[in-house]
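All of the numbers you see were taken from the coordinates with simple rules; none came from a lab. Model, not experiment: these values are computed from the prediction. Note that we place each Cβ from the backbone using ideal geometry, even for glycine, and neighbour counts take in every protein chain shown.
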Amino acid sequence: MRHVVHDKYFLKDLLREIDLYDRKIEHLRHHAQFESEPERERALRTATTRRDNLTVTARKLMAEGIVYDPMGLPTSMMTPEQFAERQQHIQQEHNPAAAAPHEVHVMPAPSSESSGEDSTEPQTPFGEAIERLQQQAKHAGMPQVNWKEELLDYKRKRNKIPA
C-alpha cells in the first residue's frame, strides 16, 4: 500500500480540492438542472460531505504546523478578515494603477482648431486620443502620420475592403 506524505505540497493540493468542491457546490445550487428538488438536495449533500471531510483533514494538518499560504485558503475556510484581505490583494493585482499611482502628462486637445480632416463624421474617444497624440507629435517636431490612410492601405492589402 502506498504511503502518502503529509507535507506542505499535500496540503496545498488538498486546499485546491476543497476550493474545487466549493465551486461545484455553488454550481449545483445555482446552475445545475435536476429533475426534482430532492435530487438537487442529494447531490448537494454528497458534495458538501466530501468537502467537509477534506476540510477536517486540512485543518488537522494546519494544526500540526504544516506551512501554508493564507491567501491560498479556499473561501469556505477563510475568516471574514482573511476574505477582505484577499479581495484587496486581488483588486491590487488586477488594477495596479490604483495601487501605485503615477503621473501622466497629456497635452489638452486643441480648442477649436480644425485639423483639415473630414469633420462630418462624429469623433470617437479613440479618434480624439489619436488627434491629441498627433498634436503632441507635431509640437515635439516628430513626423506626421495619417493613420486613417494607413489603416485603409492595410485593409486593402489584407483584402478586407475592395480597392
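General remarks:
- The rule of thumb for compact globular proteins, 2.2 N^0.38 Å, goes into the C-alpha radius of gyration of region 8-81 1.24 times.
- Potential extension, ARG86-ARG42 segment - 0.36 nm per residue separation minus Cα distance: 12.6 nm
- Loop-located GluC sites (Glu not before Pro) in region 1-103 whose Cβ has at most 10 other Cβ within 10 Å (DSSP): GLU35, GLU64, GLU103
- Proximal charge balance of GLU85 [Cβ under 14 Å; K/R count +1, D/E count -1]: -2
- Potential extension, ALA32-ARG156 segment - 0.36 nm per residue separation minus Cα distance: 39.8 nm
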